[in-house]
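The structure appears below as structure tokens.
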Amino acid sequence: MEKIIPDYLQNLSSFLQKTSYSEIPENVIERSRLVFADSMAAIIGGSAEPEVETLTKRMLISKNPGTASVLGTGLSGEPMTVSVINGSAGTFLEMDEGNQFCRGHPGMQVIPAILAQAEIQGASGRDLLRALILGYEIGARIGIACKLRMTMHPHGTWGTVGAAVGVGALQECAAKEFQELINISSSLGLATSRKTMLEGGTVRNSYTGVSNQLGLLAFQMMKSGFTGEQDGLSTVFGTVVSETFDSREMTAELGSRWEIARNYFKLHSCCRYNHGALDALEKLLSNDFVAPEEIESMRVETYSLAAQLSDRNPQNTLAAKFSLPFALATTLVNRNSGVQSFTWEQVRNSKVQELASRVEVVEDPELTAMMPDFRPARVVIRLKDGRKLDGETRTNRGDSEDPYSKKDLRHKFLSLCSRVYPQVYCEQLHDQLMKVDQLEDIRPLMASLRNQCIKEKVDG
């Protein structure tokens, strides 16, 4: 019996087939360059984490080099293996970009898979960016169309579909192939747990890597003749991981509203739900210098998802990144909210621990009602001398409504990449990535990244 494909999926698949690079607006292309460069930096920076280094060694046990590059190393491997490693590295530092409307991180759900595929086939930079834009679009729209169960972590769910679509775009799939690819990949998502991140279970950092791997697998399955449901998206995202799926959101303003152009970037090295309070704290401190020892107590009023991040005593670096009390405390103690403030050293810092113990986090229903358009927070600091200081914000820095400058993002890029590469090379790499769509073949760029790591090891 022939499948009855719903209209929205037919329209969506036709859009994916027909949309060429030249038809994508320049502002969307420009945003995709920023997303690509920012994501590459997050992966390279994350590759220096001990767990990622060990995972890389264990997963690349074979001495035979593969065809895809492990970023931040001089190594290569098979695409599905490499996508797991790169995807895991990209989320480790909590510096990957995201999209507030889909409540997740579409870029890192797509880039490791399409980067591996692009390197295999020698794709151009234009083809790579097109794949990123289209994969991002579909993944994000699924996140918008459904409301994942509160017990689920968004990574590893709709990202699998985004990755599969990105790979399909690189391979110039026909509309019917995209239909099948979406239906297959929709059934390959993970049963991810939000509690894992709240408890600091670092397996959470692998969800994105595995979803990229599954996206590559879905493409191979589709090409091998495997089939999915007639409407896998509605089943999985409307009855399994969510009880609501509005298929109209999959095609609403399609081709005129681009989700990658509505993304946000991060400078605070922690969960995005912390950022409203950190931005409010920054506003507060811009008017009043406060020393940690002057503080009697702190109270954070925020929206529901952020209010969950209330652990005052995180036990590892991941739990610290998902703790509002810790994020505020380490920022105040270190006068910085970057990577260096969320290390093991800071998790064990008695000054940070003591200050975090005096932070109260509560939900304000009125602030919850402002989501997803806003991510509001209010911070009240009571000082030992009786004074009260307060700051608040509605829009987080880095959102499209309050964007970071290109200078800010470049500085972030250099700081992350310099964990692996020398500063001069990082500056050159940034310039290359911001012109990636001028490359006729992505492979020389990837070879340069590997060779630079090998050179560093020899010179070192």
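The values are calculated or read from the model by the stated rules, or taken from the named source; none is laboratory data. Predicted, not measured: the structure shown is a model, and the values here were computed from it. Here Cβ is always computed from backbone atoms with ideal geometry, including for glycine, and neighbour counts include all displayed protein chains.
Looking only at region 58-77, count how many residues are buried (at least 24 other Cβ atoms within 10 Å of the Cβ) and out of contact with any strand residue (DSSP E or B) (no Cβ under 7 Å at 6 or more places or on another chain).
3
All but one of (1) crowded, with 20+ Cβ neighbours inside 10 Å; (2) part of a helix (DSSP H, G or I) hold for Arg375; state the number of the condition that does not hold.
It fails just one condition, (2).
Pick from Val362, Val352: which is in contact (Cβ under 8 Å) with a residue 24 or more places away in the chain, closer than 21 Å to Leu284 by Cα and surrounded by fewer than 15 Cβ atoms within 10 Å (Cβ to Cβ)?
Exactly one residue qualifies, and that residue is Val362.
Of the residues in region 186-221, how many are polar (S, T, N, Q), touching a residue at least 40 places away in the same chain (Cβ under 8 Å) and closer than 15 Å to Met80 by Cα?
First, pick out the residues of region 186-221 that are polar (S, T, N, Q): 186-187, 192-193, 196, 202, 205-206, 208, 211-213, 220.
Checking the rest, the ones that are also touching a residue at least 40 places away in the same chain (Cβ under 8 Å) come to 186-187, 192-193, 196, 202, 205-206, 208, 211-213.
After this cut, where a residue has to be closer than 15 Å to Met80 by Cα as well, the list is 206, 208, 211-213.
Residues in region 186-221 being polar (S, T, N, Q), touching a residue at least 40 places away in the same chain (Cβ under 8 Å) and closer than 15 Å to Met80 by Cα: 5 in total.
For region 218-238, enumerate the residues that are part of a helix (DSSP H, G or I) and more than 25 Å from Tyr8 (Cβ to Cβ).
Correct list: Gln220 only.
Go through (1) touching a Ser or Thr at 6+ places or on another chain (Cβ under 7 Å); (2) in a helix (DSSP H, G or I); (3) not basic (Lys, Arg) for His153 and report which single condition fails.
So His153 meets the others, but not (2).
Would you check if Gly189 is more than 17 Å from Ile114 (Cβ to Cβ) and crowded, with 24+ Cβ neighbours inside 10 Å?
When the stated conditions are applied, Gly189 passes them.
Select, from Gly201, Gly159, Gly122, Gly189, the only residue that is over 30 Å from Ser304 (Cα atoms) and either modelled with pLDDT under 95 or in contact with a helix residue (DSSP H, G or I) (Cβ under 9 Å, 6 or more places away or on another chain) (or both).
Gly122
For region 255-277, how many residues are within 15 Å of the chain's Cα centre (by Cα), among the polar types (S, T, N, Q) and over 15 Å from Arg103 (Cα atoms)?
1
Out of the residues in region 378-399 that are surrounded by fewer than 22 Cβ atoms within 10 Å (Cβ to Cβ) and among the aliphatic types (A, V, I, L, M), which is nearest to Tyr273 (Cα to Cα)?
Val380
Out of the residues in region 395-434 that are free of Cβ contacts under 8 Å to residues at least 60 places away in the same chain and not in a helix (DSSP H, G or I), which is nearest to Glu30 (Cα to Cα)?
Ser405
As an exercise: evaluate Met80 against (1) surrounded by fewer than 24 Cβ atoms within 10 Å (Cβ to Cβ); (2) at pLDDT below 95 and give the number of the one condition it does not meet.
Only one criterion in (1) surrounded by fewer than 24 Cβ atoms within 10 Å (Cβ to Cβ); (2) at pLDDT below 95 is unmet by Met80, namely (2).
From the list Ala306, Ala329, which residue is at pLDDT 95 or above, in a helix (DSSP H, G or I) and touching a Leu at 6+ places or on another chain (Cβ under 7 Å)?
Within the list Ala306, Ala329, the selection yields Ala329.
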